[in-house]
Amino acid sequence: MNVKHSFLIVTVIFAVCTQSLATTHKVKVATTMGVIILELDSAKAPITVTNFLSYARKHFYSDLVFHRVIRNFMIQAGGHTADMHQRQTDPPIRNEAFNGLKNVRGAIAMARTSEPHTATSQFYINTVNNNHLNYKNSSSGQNWGYCVFGKVIDGMDVVDAIEKVETITMGGHQNVPARAIIITDVTELSTPLQFKSTPLSKPQIQVVYDNGRVSIHTTLVGDCSFFSLAGKRVLLQKSLRGMHNQVSIEGLASGLYLFQLSAQDKSTIQQKIIVP
């Protein structure tokens with residue numbers, strides 16, 4: 001009786017919440033040297049974009065500086081005030097550098113330590129193509145690469161101007177701009193996670209819940225991922241190649257999850273799933 005009841009709960013919620021998520025978000029980075037407009041790709045880097053927007057919404061980046069600037073490489077910000085005090089961050093997130101986005105000129109990516117899954121708030125913008133920062137494999141921290149999650153779509157002249165400033169060593173930190181380049185705020189220009197109803201007459205994805213186990217059935221072909229939105233974690237990644245595919249995840253706690261499938265026709269399908 002309990003199994004049947006659980007199945008009905010998820011079926012009803014899923015039918016109501018079957019919606020497509022906005023996959024890009026435009027963000028304004030206002031600095032004392034000008035404005036940079038970013039386009040963030042939540043289809044390719046959902047955990048990273050959610051993390052960055054979380055900091056932006058609480059104005060975490062206000063009054064922080066570009067604290068590391070290296071010519072013919074990148075400009076880095078998101079962690080230090082003008083006196084090089086490091087602001088306390090949220091917990092680190094999972095590295096999504098395997099998403100296919102590259103560290104090319106104008107791409108924004110997450111900074112981290114030598115360990116792959118240590119990114120928090122700091123980010124950098126590539127001023128040249130930095131292929132050595134791309135994901136290679138998961139054999140080591142270096143090969144994991146650095147996660148790109150968007151790109152500059154306006155204000156690259158501001159990025160170039162920041163790259164060319166004079167730098168000094170301050171408090172043990174090298175490549176610090178001699179004159180502080182301050183981020184006044186980071187704000188969204190488009191509303192994130194706007195939901196748009198998807199017709200359910202010919203459903204392509206069916207979700208079944210049974211005592212902590214979610215099974216997703218689909219006839220679609222492509223690469224899929226299953227995320228915990230609350231914990232900002234990738235729980236499963238799998239390639240679907242058959243005519244009738246099934247993905248199962250066990251031991252799920254109550255909460256909000258996201259199933260994402262990158263189909264062979266280059267389209268991306270995202271479905272929100274609520275586990276009671």
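Scanning region 106-159 for residues that are crowded, with 18+ Cβ neighbours inside 10 Å, in contact with a strand residue (DSSP E or B) (Cβ under 9 Å, 6 or more places away or on another chain) and among the charged types (D, E, K, R) returns a single hit, K151. Condition (residue is crowded, with 21+ Cβ neighbours inside 10 Å, out of contact with any Ser or Thr (no Cβ under 9 Å at 6 or more places or on another chain) and at pLDDT 95 or above) applied to region 75-96: is it met by at least one residue? For region 75-96, residues crowded, with 21+ Cβ neighbours inside 10 Å, out of contact with any Ser or Thr (no Cβ under 9 Å at 6 or more places or on another chain) and at pLDDT 95 or above: present.
Here is a check on your reading of the model: is G242 modelled with pLDDT under 70, farther than 23 Å from E96 by Cα, part of a loop (DSSP other than H, G, I, E, B) and not hydroxyl-bearing (S, T, Y)? Yes, satisfied. Sub-7 Å Cβ pairs linking a first residue in region 56-71 that is within 15 Å of M170 (Cα to Cα) and not assigned by TED's automatic domain parsing to the domain that holds K164 to a second residue that is of a type outside the set (K, R) and not in a strand (DSSP E or B), at least 6 apart or interchain, number zero.
The number of residues in region 140-157 that are modelled with pLDDT of 95 or more and either among the polar types (S, T, N, Q) or closer than 13 Å to N103 by Cα (or both) comes to 8.
Considering only region 114-141, how many residues are within 18 Å of A77 (Cβ to Cβ) and not β-branched (V, I, T)?
8
The residues of region 162-185 that are outside any strand (DSSP E or B), among the β-branched types (V, I, T) and farther than 20 Å from S121 by Cβ amount to a single one, V165.
Looking across region 15-64 at every residue that is among the hydrophobic types (A, V, I, L, M, F, W, C), part of a loop (DSSP other than H, G, I, E, B) and modelled with pLDDT of 90 or more, the one that is surrounded by the fewest Cβ atoms within 10 Å (Cβ to Cβ) is identified as M33.
The values are calculated or read from the model by the stated rules, or taken from the named source; none is laboratory data. Quick caveat, the model's predicted, so the values are computed rather than measured. Because the Cβ atoms are built from the backbone with ideal geometry, glycine has one as well, and the counts that use them run over all protein chains shown.
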